[in-house]
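Novice: Dropping a structure here in C-alpha cells format, bear with me for questions.
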Amino acid sequence: MSDSPISHHSGETGVQPAVEGGGDASSEQKVQMEQAYAQMRRKMRMSQLDEEIKHKVMVLSGKGGVGKSTVSVGLALSLARQGKKVGLMDIDITGPNIPKMLGLDNADLHVEDGQIFPVIGPHGVKVISMAFLIEDPDKPVIWRGPIKLGAIQQFIGDVAWGELDALIIDFPPGTSDEPLTVSQSLPGIDGVVIVTTPQEVALLDSRKSINFAKTISLPCLGVVENMSGYTIRGTTEPNTKISILGPAGTPIETQTDENGDWGITLDVFKSGGGKSAAIELEVPFLGALPFDPGIVRGGDDGVHRIIAEPDGPTAEAFDNVVRNVLNELENSSRPSVRIS
Ligand SMILES: Nc1ncnc2c1ncn2[C@@H]1O[C@H](COP(=O)(O)OP(=O)(O)O)[C@@H](O)[C@H]1O
Ligand SMILES: [Mg+2]
C-alpha cells in the first residue's frame, strides 16, 4: 500500500508546492484522485476486517445508565478468559469510559503506517476507544454530527485488529447515529445485544432498540437484564430456617444448607422486566446480571468484577450470558454479502 503514488505525494506532509496560475484544475483532480483512492483503500480494509473478525456484536440500549458499557466490558472479558481472541471498541466520543473501567485510561495508542494498534487490556482484550484520542479527559469533546460520524468511519477502517473471534462494540446512549454509521461501515455485523434493567419501562426501551435493529437490518441476538436482584449471603446453623425483612418490609424465608450457608436475592428494582420484554418481543433472553456494588467500585478503580472476583456470582452470570450469546451466534445465519 505504501508504494502507491499517493503516499509519495508531498501532500502527506501537509506542504503543497505553490503552483503559479493554471494549477487549479490539476490540484482539483489530485484531490479527487486522493479521495477516490482513500475510499477504495477503506473499502479494502473493511472487507479485510470482515474476514479477520469472526463475530461482530453491537451492544445497545434504549437509554443511558443501564450498564451498557459495563456489560460490553463484561462480555469481552468473559469471552477472553475462555481463551477467545477479543476486541472491544468504544464508540462513545463524548463520554468514553471503557478505558477507565479496564484501568487503561493512561494508555496511548500506537500508530504505525497509518494503522492504529489497539491497547491490550486484561486477558489480552484489544481495546480501542475514542478516549485514547482525547488529550484532556476532563474537557468535554464537542463534535459536530458529520465530523463525528466521519471520524468513526475512519477510525473503524484504520484499526489493525488482527484475527479476532469476537469484536464487541459499545455505543453512547441515546442517538442512533453512531450504531447506524457503524452498521453501514463495518460489513458482516452478526447482530445486536440489548441491555435493559428490570423495571417495567424496560419493555418500552427494549422495544425501541429491537425496532432500531430491524430498521438497520440486523438480527437481535437477545436481551440482557442488568442490575437484576441483589443477593445477600450469610452463614449460621446448618439446616435451619432463616427469615429476613425484604425491601418492602415483607418477610423472605430461606433455609441454610448443610454448611450453614444461606443466600437471598432481593429484587431491588422489581424483577423480570428484561425477561418479559424478551418474551413479549419474541427475541431470546440472554440472562440476568445481578446488581453488584462491586461493579460500581470496579468502574471507578479500573478492576472489573470479573477480574477482581473471577469465581464470584457476577462473573458466573456473565459467563452464562456469553454462553447464550455464543449459542445465538452459532444459530443465526449471517448474510454472506461481502463488500468487494
Ligand atoms: N450490575 C450492576 N450492579 C451495580 N452497578 C452497576 C451494574 N451495572 C452497571 N452499574 C453501574 O451503573 C452505572 C452506569 O453503568 P454504565 O455501564 O456506564 O452504563 P451505560 O453505559 O449504559 O451508560 C455505573 O456506575 C456502573 O458501575
Ligand atoms: Mg456507556
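Novice: Going by how many other Cβ atoms sit within 10 Å of their own, how do 55, 123 line up, fewest first?
Specialist: Details: 55 23, 123 19.
Final ranking by Cβ density, sparse to dense: 123, 55.
Novice: Let me ask something additional. Using amide H atoms built 1.01 Å from N in the peptide plane, name the residues 5+ places from residue 266, or on other chains, whose amide H lies under 5 Å from its own.
Specialist: Those qualifying (amide H under 5 Å, at least 5 residues apart or on another chain) are 230, 231, 232.
Novice: Here's another thing I want to ask about it. Cα to Cα, under 17 Å, and not fewer than 8 places away if on the same chain: which lysines meet these conditions relative to residue 148?
Specialist: Within reach: 139.
Novice: With respect to the cross-link table entries 54/126; 56/214; 63/214; 68/275; 84/275; 43/214, which display a Cα-Cα separation exceeding 21 Å?
Specialist: Details: 54/126 15 Å; 56/214 17 Å; 63/214 18 Å; 68/275 17 Å; 84/275 28 Å; 43/214 25 Å.
Violating the 21 Å Cα-Cα cut-off are 84/275; 43/214.
Novice: Turning to a different aspect of this structure: So how tilted is helix 201-215 from the main axis of the chain? Cα-based, degrees 0 to 90, rounded to 10.
Specialist: The angle comes out at about 30 degrees.
Novice: If you place +1 on the Cβ of every Lys and Arg, -1 on the Cβ of every Asp and Glu, and leave all else neutral, what size is the dipole of the stretch 189-314 about its Cα centre, to the nearest 20 Debye? Display every interim value, and only then the final one.
Specialist: Details: 9 positive and 17 negative charges, 100 e Å.
Dipole about the Cα centre, nearest 20: 480 debye.
Novice: Give me 46, 101, 33 ranked fewest to most by other Cβ atoms within 10 Å of their Cβ, as a rough exposure proxy.
Specialist: 33, 46, 101
Novice: Then there is this: Could you work out the helix-only [θ] at 222 nm for the chain, with each DSSP H run of four or more residues adding -39,500 (n - 2.57) and the total divided by the number of residues, to the nearest 500 deg cm²/dmol? Write out the running numbers ahead of the final one.
Specialist: Details: 10 runs with 125 residues, N = 340.
That comes out to -11500 deg cm²/dmol.
Novice: For the charge dipole of the chain, defined by +1 on Lys and Arg C-beta atoms and -1 on Asp and Glu C-beta atoms about the Cα centroid, which residue among 154, 121, 109 has the Cα displaced farthest towards the positive pole?
Specialist: After comparing all options, I get 154.
Novice: Okay, moving on. Would you list 170, 50 from fewest to most Cβ contacts within 10 Å? List each step's numbers first, then the result.
Specialist: Numbers: 170 27, 50 17.
Ordered from fewest to most neighbouring Cβ atoms within 10 Å, 170, 50 come out as 50, 170.
Novice: What is the angle, in °, between the Cα long axis of helix 24-52 and the longest principal axis of the Cα atoms in the chain? Nearest 10 is fine, range 0 to 90.
Specialist: Value to nearest ten degrees: 30.
Novice: Dipole magnitude of the chain about its Cα centre, charges +1 at Lys/Arg Cβ and -1 at Asp/Glu Cβ only, in debye to the nearest 20? Write out the running numbers ahead of the final one.
Specialist: Numbers: 29 positive and 45 negative charges, 154 e Å.
Its charge dipole is roughly 740 debye.
Bear in mind that the values in this text are calculations on the coordinates, not laboratory data. Because the structure is a prediction, the values reported are computed rather than measured. Please note: Cβ atoms are built from the backbone with ideal geometry, for glycine as well, and neighbour counts cover all protein chains shown.
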